[in-house]
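Read the structure below first, then the notes.
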Ligand SMILES: NC(=O)c1ccc[n+]([C@@H]2O[C@H](COP(=O)([O-])OP(=O)(O)OC[C@H]3O[C@@H](n4cnc5c(N)ncnc54)[C@H](OP(=O)(O)O)[C@@H]3O)[C@@H](O)[C@H]2O)c1
């Protein structure tokens, strides 16, 4: 059953890249939102309840948990471990055990569950194959992340509760403003490119990069609460409208020049295997080479395992009530605006950089910290 207008929705991960825009969309749809926050409260009019999804009863006092069970009509589950960590136990604890706890809550509350998964779960095998080529091992933090997301989906399907699983591709900024709630994963790698820390993109020029604006994902979440489906699954992707890397690099350069940010010339797409050979010759973590930062480049090679030789994703967002399918124009405009936002607020330059309070990442001053850079070995971090 769809939930009625003005329902009470428990939102996990409200402080994240996806959770922030989802919070706004749920308010816009008239719902009351209780944000289950982890390390910090969120602004935006939601009641914040601090908890940990990996712990029984989310670590809440039992009376508070029972009160939520009584009052919550639906759960939107955005919390996840999205950094590609070297410790697989942590990724599994948040993404699998955490999802089990969220399911247990939804069962007790008899609440509809909207679960955020990832389009890239469909590429888990491809990632293992590519990782063996690049790194000599099929098990990497990227594959661990995707397997944990696959397992979480299975737990949701087996739970016997009304649910919708959403599979977004790579989430960029808002389609109108380019604003991003948190810079991580793909967007952190764009900051590295825009800042000139890397000079090659270690992804073949004909690989597609499927990106979706965050407000489209948020609208898909809100629509999933009111669809009639009892067990839906939707691909929130650009699908046939995803640009290839040749086009992405053109757009990155155009947006960088247009916004007055640092203009980088001659950004080049290079096959990941060629990059791997170059890096092997460069030696262990020398700070600079012809490709730029060796450390960042290694991370980007690892991340490219999700893109190389991959068929396009299906796109089914338009089947959700009131959600329009993305077009090439929407995707490219959103990408340009996102890059303009990154240039204005996150890429170091000579000019003073305003730092709005709604952006939760520190503006990097030199190379980004490994905890907010693109994933890949040895200490990858990203989201897909
Ligand atoms: N961003 C993308 O490009 C993308 C693409 C495809 C799919 N997705 C999926 O979309 C969902 C949201 O991703 P995102 O990008 O918004 O992630 P994110 O920016 O990394 O945010 C993750 C959120 O989860 C919270 N969290 C982590 N551990 C927790 C715990 N133990 N208990 C409670 N909350 C916890 C974090 O809170 P603290 O920061 O306070 O710890 C944070 O608010 C995830 O399921 C992700 O797999 C994202």
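Just so you know, all these numbers are worked out from the coordinates, no wet-lab data involved. Here the structure is a predicted model, which means the values were calculated and not measured. Cβ atoms come from the backbone with ideal geometry, glycine included; neighbour counts cover every protein chain shown.
Per residue, the average separation of C-alpha pairs within less than 8 Å and at least 6 apart gives segment 122-254 a relative contact order of 29 percent. Would you please classify the overall shape of segment 178-256 from the alpha carbon gyration tensor, given that a ≥ b ≥ c denote the square roots of the eigenvalues, rounded means a/c under 1.5, and beyond that prolate means a/b larger than b/c while oblate covers the rest? It comes out prolate by the Cα gyration axes.
Take 10-23, 317-330 and order them by the average number of nearby Cβ atoms within 10 Å per residue, most first; the result is 10-23, 317-330. Counting every alpha-carbon pair across segment 121-193, the share separated by more than 21 Å comes to 49%. For residue 231 and residue 43, a Förster radius of 51 Å and the Cβ-Cβ distance give a FRET efficiency of 0.90, rounded to the nearest 0.05.
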